[in-house]
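**Q** Before I ask anything, here is the structure I am working with.
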Amino acid sequence: MFRKILFFGLLLFLPAFWVNAQRIQVVDSDGLPIACVCVTNEKGVFIGTTDNDGWLADAKGARVLNLSHLAFKDIAVPLADIAEGRIVMEDVEYVLPDVEVKPKELAYVQTYFRMIYLDDDGPLYYRGGVIDNTYEFANHKTSSKTRSLSKGESGLLRFLISTLVGGRIDKLGQIHDKSTYQKILDLVERGQLTLSTEPSGRIMVRDSVCTLGYIDTDTVARTRTTSFNARRFLANRKNAEAKAKGKKVKEEKIKAREETFYEVYRIDEDGRSRNDDFLMRQWQISAEHSHSSTRYMILLQAYATDYNYIDKKEYKQLRKENKVDMDINELRSFEKAHNIPVLAPDVKAAVDKLFEKDLSK
């Protein structure tokens, strides 16, 4: 336990990844690969994450695969029922109505987020909450107020994680000044990334080493989906700098590090988005502890749950009306009321064990 506690303080800086055999591909109803799917076994223990082509490197001998992804319905699939090594996931029924822009000071976006830290023992830490976000049109300023709940395998673990990185986790559930899509365009403009269009219409994001993600634009649904492996990009760039200086390059660490962002934003008729057009975000780290082969996974999912255009007085009142008590039962009720996709059955059951006493009240 002490090893896990010390490690978590550095979890944002020391991710890694492993590869094996027994491959499974995850696709959507159109046959397109789904990246960033978190896969656990029948005990809620983390197995791996699908790559940009939807492949899970190894099912690790699991009898049942639990698949979690914010943009698709979480499912549990017995390994014996997987035909030709392929699993199809259905889109979530998660739709927010268009809101007419009104001549007011603020765009208000309420977001809901949940984060799970899993390793070979299953879920060890859970964090969730509701965030009031505003975007001020006059000065293009984004601000957020967060109410969060956390639970750890032990009180000490919960205290240390919440103290060390809790605030950074909460920020991943907020609306941001720049979307991942815009950050990618900035890197393209600097010559650090390139974009190429595949026959399917999907735009692949690449650096000089490998494919780092993709961009899909749905003009009918007026959404843009962006996937990007930030850790691999930073590792590749660091490696290139080391080579230029004649330093030794540790290729195995580049292959090991995975930190992926998956975002969905609404777009207008011209394909543009503002900060308040945020719909969904998934952030993942697939890793190994630095001094052992113990694997872990950090999965954060955030959803926009309400939109409005208001003035500052109305915002103050809205925050009072939307107050959600920070206990697990209230958060679960909030998920149901706002059609937040339910976690895969075994993952939910394992998370519930952290909250057994609270759920019995």
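Read the figures in this text as sums done on the coordinates, not as results from a lab. This one's a predicted model, so the numbers in the text were calculated from it and none came from an experiment. Here Cβ is always computed from backbone atoms with ideal geometry, including for glycine, and neighbour counts include all displayed protein chains.
**Q** Just rank Lys60, Lys320, Lys238, Lys243, fewest to most, by other beta-carbon atoms within 10 angstrom.
**A** Fewest-to-most Cβ neighbours within 10 Å comes out as Lys320, Lys243, Lys238, Lys60.
**Q** Using the Kirkwood radius built from alpha carbon pairs, what does the Stokes-Einstein equation give as D for region 93-225 at 37 °C and 0.692 mPa s, in µm² per second?
**A** 181 µm²/s
**Q** What is the packing order of peptides 210-216, 182-188, 353-359, 33-39, taking the mean over residues of other C-beta atoms within 10 Å and listing the highest first?
**A** Going by the mean number of other Cβ atoms within 10 Å, highest first, we get 33-39, 210-216, 182-188, 353-359.
**Q** Right, here's the next one. Working out 0.36 nm times the residue gap between Leu172 and Asp120, then minus their Cα-Cα distance, what length gain in nm do you get to one decimal?
**A** Once the chain is fully extended between Leu172 and Asp120, it gains 16.3 nm.
**Q** Can you give the Rg/Rh ratio of region 167-281, where Rg is from the C-alpha atoms and Rh is the Kirkwood radius?
**A** Rounded to two decimals, Rg over Rh is 1.02.
**Q** Run the simple label-point estimate for Ser360 and Thr219 please: 7 Å along Cα→C-beta, distance reported in nm.
**A** With each label placed 7 Å out from Cα toward Cβ, I get 5.8 nm.
**Q** Could you grab the relative contact order for the chain? Cα pairs under 8 Å, six or more apart, rounded to a whole percent.
**A** 22 percent
**Q** While we're here: Working out 0.36 nm times the residue gap between Ala83 and Thr163, then minus their Cα-Cα distance, what length gain in nm do you get to one decimal?
**A** Full extension from Ala83 to Thr163 adds 24.3 nm.
**Q** Using only helices, what value at 222 nm comes out for the chain when you add -39,500 (n - 2.57) per DSSP H run of length 4 or more and divide by the total residues, to the nearest 500 deg cm²/dmol?
**A** Taking each H run of at least 4 residues, the total per residue is -7500 deg cm²/dmol.
**Q** Among Leu193, Val130, Asn275, whose Cα sits farthest toward the positive end of the charge dipole of region 93-359 (+1 at Cβ of Lys/Arg, -1 at Cβ of Asp/Glu, about the Cα centre)?
**A** Leu193
**Q** Here is a further query. What is the fewest-to-most order of Ser150, Ser144, Ser286 by other Cβ atoms lying within 10 Å of their Cβ?
**A** Ser144, Ser150, Ser286
**Q** Express in nm, to one decimal, how much length is gained between Glu269 and Val209 on full extension, taking 0.36 nm for each residue of separation and deducting their alpha carbon distance.
**A** 18.2 nm
**Q** Further, regarding this structure: Please give the FRET efficiency for Val27 paired with Thr194, using the beta carbon to beta carbon distance and R0 = 22 Å, rounded to the nearest 0.05.
**A** 0.30
**Q** What is the ratio of the Cα radius of gyration of region 167-232 to 2.2 N^0.38 Å, with N the residue count, to two decimals?
**A** 1.21
**Q** Would you grab the residues whose amide H sits under 5 Å from the one on Phe137? Only those 5+ places off in sequence or on another chain, please, with H modelled 1.01 Å from N.
**A** Ala107
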